[in-house]
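Student: I have a structure here, written as structure tokens, and I will follow up with some questions on it.
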Amino acid sequence: MLSGSNAAWLENLLDDSDAGTALEWKGLLESAGPAETLQPVSKEKQHKVNALVEAYRNLGHLYAHINPLGSYMPPNLRYAWVTQHGIGKELDLQTFGLCESDLGETFDTPLDFESTRASLGEIVEKMAQVYTGHMGCEFQHIRNRSMRHWLIRQLEGREKLKTREDDEYRRWQRDIIRAEEFESFVHSRFTGQKRFSLEGTDVLIPALRYLFTEAGRRSVRDIVIGMAHRGRLNVLTNAMKKPAAEIFAMFDGNYEPHTYGGSGDVKYHQGQSTDFEVGDGRIVHISLVSNPSHLEAADPVVQGKARGTQRLKKDSTRKKVLPVLIHGDAAFSGQGIVAEIFNMSQLRGYRTGGTIHIVVNNQIGFTTASSDSRSTFFATDIAKVMPVPVFHANGDNPEAVIRSVELALRWRQKFGQDVVVDIIGYRRLGHNEADEPSFTHPIMYNLIRNHSSVSKIYGKILDKRKTFSKEDQEAFRQSYLEELKEAREKARGLINYHGFESLTGDWSGVKRDYSFNFPVTGVEDENLKIIAGKLLEVPENFKLHPKLERFVRNRTKAVDTGTGIDWSFAESLAFGSLLAEGHSVRLSGEDCGRGTFSQRHAVWWDVSSETPRQHTPLSSLVAGKARFSVYDSPLSEYSILGFEYGYSIAQPEILVLWEAQFGDFANGAQVIVDQFISSGESKWARLSGMVLLLPHGYEGQGPEHSNAYMERYLSLCAEENMQIVNLTTPAQYFHVLRKQQIQNFRKPLVIFSPKSLLRHPEARSEFSELTAGRFQTVLDDPETPDKVERIVLCSGHLWYDLIARRREIDATRTRIIRLEQLYPFPESSLKRIIGDIGDTTGVTDLIWAQEEPENRGAWSFLALKLEQITGESWIYAGRAASASPATGSHEEHEEEKKNLINLALGINPDGRTE
Ligand SMILES: Cc1ncc(C[n+]2csc(CCOP(=O)(O)OP(=O)(O)O)c2C)c(N)n1
């Protein structure tokens, strides 16, 4: 069954009386004749027939004609086939103790939802048509019986198949012709330039257009798409209406993103949004998310954006906003983020009502064969960790592909679960158009060279069916070519094409530029007290954990006395005041509900209740449409940070925060920081106001749990792309959080957040510090001595150690200034606070003190800057450069700390100041 060209198989179908109806077969069971004329069924044989039918349902996809290259299969996958699946006899009659002579006998069809009878021959023929044609379906891993039965009904035809108009088949063929001609036009006009041709999986274009239309005819109003390089230009123009002239202008080199601002990106990474008409005046808004080269990195971003759009559009059932991910086969099986996406797909805080995954499976990844790419048989096997049906469809048969898409959409809309459509095709050219594929795949490329394009195969079928004559197809091809030629001419006139969309809709009032003109973020005393009161109200008959009772008592005391507001209370008051003003807040991260350090307690649990009972104090504060959401996330940094970034680009109205368990773990999400958060605005003009909370600080906990790799974030800073802060007081934290939402621009905010400061008796603010004022980028020394000889500049939690030591040794001539914001660098505030220096003022020593090793922390970022703005060079006081972020020995940690503090304050080993 695996051998033979599939094109020939299609043609055989045409000669059949059931011409071209591989997917539109009639219900054989209905034609089985009246039951009373049938012989009684032998129970034993009936069981055998049942087993055979089950085998078709479970294993049919392994025998389906889904590979356009026929029996071609890389050698060790062929080996896997034999070892994993026997030698291909699972569907033979003999395997079930049946034989040819039983074919005429009549049996009950073993469908437990309806009872009909048919001959064994008819049953086998029908099973073969359904399960081993040009579409295979995997669903045996789905445990839920009614979901499995729903699929069986759809596949075996108990559910009425939609009858298609001829015009629909013609439309698909026109889309295929467009897809093919676009590639060959670019190939001939822009020789040698990379485009990552779709040829070999051209059917993606009609499949997508079908999906957009069908989704729109159902309830979908928004589609959020992620896809990689392969065929992206084709999708942009042929599915998403980006004018071909704009694409050609980029090939011409007329693309000048800096005329608008930013670096721009290569043409095959760019996003696009469009309104797609689906008839009856209905429109579906389609947004293709901009994409870095990093394969699959956009997956969580699409999920987050879809969820954010669902929230924005009040799509509580998640049927109106549909995420679609288009993957390559090697990336789908190779990139672990794909498994993370399936894992998060049904979680309360991250579900999106099901994603339609389309794998553009060209059976190769760059030069790597499938057999070297994965241990699994299909590229899609990772999806089977979830109840996700997988449709494998032969890319040479648009009807099989579109039937798969149709079923996938129905499944998603019915069950709210993910689904995979694996379009199996081939890659006609090399990885890019300059690559020679036969170096590594001579046999495969011999086959491909001799393989007709899908427009030829399907064109021939439609011509024979008299649906779309050869002549009409040719006329369409020529008219499209004319369109492309016109676009080519138009492109020459597109000078300084920047490729960026302007800010519209929910983003229309938002500014792009950073400003040091911070808004006042203090909250009126009376209002803040009401907010605090609500946060501390314990519901009736709700028994708090004894430690939480103390937590509430302490907070109540802090409000009553107006003093002793700690870090996490300041955070709650910032969130609470934003909520009360109508701004929603969404916080997610590992264990962030309670807080890694038991500091937050955003969710309270009734310890006396037999059934789980929770209370979220911040939820009692919401005003208008605002909502507080806090989600303990799965144990993943990459996917969750990507998701929250995606959520933040969906709208500017919600304060979106992601908290790392410890800041060092965020390097598992480095791709999201590098490719999206720091550079998304410059590459794609996409704004994000998301907040990263990265616990950081040297407290003797070893190489991990000490350092959030501040230097990496600082090295990514340029053109005011992000805000980086390392704060010292709860009030500063309160103001920076409120500012992030209240200010009129959106830039990501990275907060190096504290650990021990959460409980440090001095890291407390007055209530009055929250009821007035605004965020300060630099904090002066509250105990500035009269005569200053030494200025120590530092940031974050080290400040507490420095002032404590200064008190001990009475270093009266040292002034300690805190740099609260590292980027955008607050040059004028710092200059103003430092004031004049030099011999005439008596200030002779300038020290930068940090707890991180010299090759880490802010030193390398600041050294030159500080020298430039003060005209003096600064002395470094910190740990020695180190390959490891911190020592594993607590004693050594303390020794290092003592030394660096002494160095900063100019203390001799004997304890006297220099
Ligand atoms: C994370 C990552 N690693 C490596 C690459 C380099 N790369 C670009 S395309 C490609 C092959 C992708 O194969 P597949 O997913 O099957 O898609 P195809 O190009 O065949 O459509 C590789 C390895 C990349 N872009 N991203």
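Student: Consider region 558-571. How many of its residues are of a type in the set (D, E, K, R) and in contact with a Gly (Cβ under 7 Å, 6 or more places away or on another chain)?
Tutor: So the count comes out to 0.
Student: Look at region 341-380 and say how many of its residues are within 15 Å of the ligand (Cβ to nearest atom) and either farther than 30 Å from residue 630 by Cα or free of Cβ contacts under 8 Å to residues at least 24 places away in the same chain (or both).
Tutor: Summing the residues that are within 15 Å of the ligand (Cβ to nearest atom) and either farther than 30 Å from residue 630 by Cα or free of Cβ contacts under 8 Å to residues at least 24 places away in the same chain (or both) in region 341-380 gives 21.
Student: Continuing with the same structure: Before we move on, is residue 781 free of Cβ contacts under 8 Å to residues at least 40 places away in the same chain and in contact with a strand residue (DSSP E or B) (Cβ under 8 Å, 6 or more places away or on another chain)?
Tutor: Values: free of Cβ contacts under 8 Å to residues at least 40 places away in the same chain: yes; in contact with a strand residue (DSSP E or B) (Cβ under 8 Å, 6 or more places away or on another chain): yes.
Taking the combined requirement at face value, the residue satisfies it.
Student: Only residues that are touching a Leu at 6+ places or on another chain (Cβ under 9 Å) and surrounded by fewer than 18 Cβ atoms within 10 Å (Cβ to Cβ): list them for region 806-819, please.
Tutor: Within region 806-819, 809 is the sole residue that qualifies.
Student: Could you tell me which of the residues 109, 95, 116, 132 is modelled with pLDDT of 90 or more, surrounded by 13 or more Cβ atoms within 10 Å (Cβ to Cβ) and more than 35 Å from the chain's Cα centre (by Cα)?
Tutor: Only one candidate qualifies: 95.
Student: When residue 293 is evaluated against the numbered criteria (1) over 26 Å from residue 394 (Cα atoms); (2) more than 16 Å from the ligand (Cβ to nearest atom); (3) modelled with pLDDT of 95 or more, which criterion, by number, is the only one it fails?
Tutor: Answer for residue 293: the failing condition is (2).
Student: I would also like to ask the following. For residues in region 177-229 being in a helix (DSSP H, G or I) and touching an Asp or Glu at 6+ places or on another chain (Cβ under 6 Å), which is nearest to residue 435 (Cα to Cα)?
Tutor: Start the filter on region 177-229 by keeping residues that are in a helix (DSSP H, G or I), which leaves 177-189, 204-217.
Those left that are additionally touching an Asp or Glu at 6+ places or on another chain (Cβ under 6 Å): 179-180, 183, 205-206, 209.
Numbers: 179: 21, 180: 19, 183: 16, 205: 24, 206: 27, 209: 30 Å.
Going through the qualifying residues, I end up with 183.
Student: Is it fair to say residue 278 is surrounded by 23 or more Cβ atoms within 10 Å (Cβ to Cβ), over 16 Å from residue 196 (Cβ atoms) and more than 16 Å from the ligand (Cβ to nearest atom)?
Tutor: Details: surrounded by 23 or more Cβ atoms within 10 Å (Cβ to Cβ): no; over 16 Å from residue 196 (Cβ atoms): yes; more than 16 Å from the ligand (Cβ to nearest atom): yes.
Considered against the rule, which asks whether it is surrounded by 23 or more Cβ atoms within 10 Å (Cβ to Cβ), over 16 Å from residue 196 (Cβ atoms) and more than 16 Å from the ligand (Cβ to nearest atom), residue 278 comes out as no.
Student: Here's something else I'd like to know. Keeping to region 490-518, report how many residues are in a helix (DSSP H, G or I) and without any contact (Cβ under 8 Å) to a residue 40 or more places away in the chain.
Tutor: Adding up the residues that qualify gives 1.
Student: Here's a follow-up. If I ask for residues that are in a helix (DSSP H, G or I) and either of a type in the set (Ser, Thr, Tyr) or surrounded by fewer than 12 Cβ atoms within 10 Å (Cβ to Cβ) (or both), which ones from region 519-532 would you list?
Tutor: If the condition is that a residue be in a helix (DSSP H, G or I) and either of a type in the set (Ser, Thr, Tyr) or surrounded by fewer than 12 Cβ atoms within 10 Å (Cβ to Cβ) (or both), then 526 is the only one that fits.
Student: Applying the selection to region 131-147, what residues are within 21 Å of residue 377 (Cβ to Cβ) and not in a loop (DSSP other than H, G, I, E, B)?
Tutor: 131, 135, 136, 137, 138
Student: In this structure, is residue 317 surrounded by 24 or more Cβ atoms within 10 Å (Cβ to Cβ) and not charged (D, E, K, R)?
Tutor: no
Student: Filter region 809-839 down to the residues that are at pLDDT 90 or above and either part of a helix (DSSP H, G or I) or among the polar types (S, T, N, Q) (or both) and list them by number.
Tutor: Residues satisfying the conditions are 814, 821, 827, 828, 829, 830, 831, 832, 833, 834.
Student: Within the set of pairs 6 or more residues apart or between chains, which connect a residue that is within 19 Å of residue 176 (Cα to Cα) and part of a helix (DSSP H, G or I) inside region 442-461 to a residue that is of a type in the set (Phe, Trp, Tyr) and modelled with pLDDT of 95 or more with Cβ atoms less than 8 Å apart?
Tutor: Final answer for the pair search is 448/426; 458/172; 459/468.
Student: State whether the residues of region 668-689 include one that is in contact with a helix residue (DSSP H, G or I) (Cβ under 9 Å, 6 or more places away or on another chain), surrounded by fewer than 19 Cβ atoms within 10 Å (Cβ to Cβ), on the phi < 0 side of the Ramachandran plot and not in a helix (DSSP H, G or I).
Tutor: Taking every residue of region 668-689 in turn, none turns out to be in contact with a helix residue (DSSP H, G or I) (Cβ under 9 Å, 6 or more places away or on another chain), surrounded by fewer than 19 Cβ atoms within 10 Å (Cβ to Cβ), on the phi < 0 side of the Ramachandran plot and not in a helix (DSSP H, G or I).
Student: Among 329, 372, which is the only one that is surrounded by fewer than 24 Cβ atoms within 10 Å (Cβ to Cβ) and over 25 Å from residue 655 (Cβ atoms)?
Tutor: 372
Student: Could you please find all residues in region 339-364 being in contact with an Asp or Glu (Cβ under 7 Å, 6 or more places away or on another chain) and surrounded by fewer than 23 Cβ atoms within 10 Å (Cβ to Cβ)?
Tutor: Hits for region 339-364 are 342, 345.
Student: May I ask you to say which residue of 289, 301 is in contact with a strand residue (DSSP E or B) (Cβ under 9 Å, 6 or more places away or on another chain), more than 21 Å from residue 587 (Cβ to Cβ) and among the β-branched types (Val, Ile, Thr)?
Tutor: On inspection, the qualifying residue turns out to be 289.
Student: Would you confirm whether any residue within region 159-178 is touching a Lys or Arg at 6+ places or on another chain (Cβ under 8 Å) and at pLDDT below 90?
Tutor: Checked region 159-178: at least one residue is touching a Lys or Arg at 6+ places or on another chain (Cβ under 8 Å) and at pLDDT below 90.
Student: Modelled with pLDDT of 95 or more, more than 27 Å from the chain's Cα centre (by Cα) and β-branched (Val, Ile, Thr): does that describe residue 186? Talk me through it step by step, then tell me what you get.
Tutor: On the way: modelled with pLDDT of 95 or more: yes; more than 27 Å from the chain's Cα centre (by Cα): yes; β-branched (Val, Ile, Thr): yes.
So residue 186 fits the description; yes.
Student: Let me ask you something else. Can you give me the number of residues within region 314-335 that are within 16 Å of the ligand (Cβ to nearest atom) and free of Cβ contacts under 8 Å to residues at least 12 places away in the same chain?
Tutor: Number of matching residues: 0.
The values are calculated or read from the model by the stated rules, or taken from the named source; none is laboratory data. For clarity, every value in this text was computed on a predicted model and none was experimentally measured. No Cβ is skipped: glycine too gets one built from the backbone with ideal geometry, and neighbour counts run over all protein chains shown.
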